[in-house]
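Let me begin by presenting the structure, written as structure tokens, before commenting on it.
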Amino acid sequence: MRWRNGCGWPGTRCERARAGADRGGGLGGEGAAEGFGELAEHAGEDEHEEHRNREQQHQRQWRAKVLADELLARGFDLVSGGTDNHLILIDLTNKDVRGKPTAKALDRAGLELNFNAVPFDPRPPANPSGLRIGTPSVTSRGMGPDEMKHIARWMDEGVEAAKASDEDAIERIFAEVKELTASFPAPGLRG
């Protein structure tokens, strides 16, 4: 049974509280009244968590919009002309490079993204013409609009380096990416 505000999904505190309330009902287990009090308390926490999640989603979308605008300004073709969510799909056809080797070069440069097919892609799915990038991880790290501009610049430089097979440029970008990410550690990971 799914309770109000997402409460009741398996493994959540509310689910565990509900299980405790169902267990006893005053017969040797946790009393029903205490269980319902705990449910009410956790339902309130879930509402606050839901608000935080909505705010994080807004921040991801906003950062994706900034990144998309910067990529457009640098001459990238974006599928749908931009983004309405946290993902950006880039068509590299106008850059005269393929998605798969470019994605691998950008990965070596410290920029994590995926090669991806684009609508009406003339290339095979195993080696498509596009890239897909999202903003959840950079948002979780606390990066903002200024950092999105750096990422767009590195992507532009990385695409040109991939096109020219310039490993020195890839290494330089990697050093810059590493320096920036040192200031924004990933949550939950210890350096």
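The values are calculated or read from the model by the stated rules, or taken from the named source; none is laboratory data. Keep in mind that this is a model prediction, so the values were computed, not measured. Cβ coordinates were reconstructed from backbone atoms using ideal geometry, including for glycine residues, and neighbour counts include every protein chain displayed.
Okay, here's what the table says:
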| item | result |
| --- | --- |
| Every residue from the stretch 78-95 that is under 13 Å from Leu131 (Cα atoms), touching a Lys or Arg at 6+ places or on another chain (Cβ under 8 Å) and not aliphatic (A, V, I, L, M) | Lys95 |
| Check on Gly82, assigned by TED's automatic domain parsing to the domain that holds Asp156, surrounded by fewer than 16 Cβ atoms within 10 Å (Cβ to Cβ) and closer than 27 Å to Thr181 by Cα | yes |
| Condition met for Asn116 (polar (S, T, N, Q) and surrounded by fewer than 19 Cβ atoms within 10 Å (Cβ to Cβ)) | no |
| Matching residues, the stretch 145-191, being over 22 Å from Ile90 (Cα atoms) and assigned to a loop (DSSP other than H, G, I, E, B) | Ser183, Phe184, Pro185, Ala186, Pro187, Gly188, Leu189, Arg190, Gly191 |
| Residue among Glu49, Glu70 that alone is of a type in the set (D, E, K, R) and either closer than 30 Å to Ala117 by Cβ or modelled with pLDDT under 60 (or both) | Glu70 |
| Residues (crowded, with 17+ Cβ neighbours inside 10 Å and more than 17 Å from the chain's Cα centre (by Cα)) located in the stretch 145-173 | Trp154, Asp156, Glu157, Gly158, Val159, Ala161, Ala162, Ala169, Ile170, Ile173 |
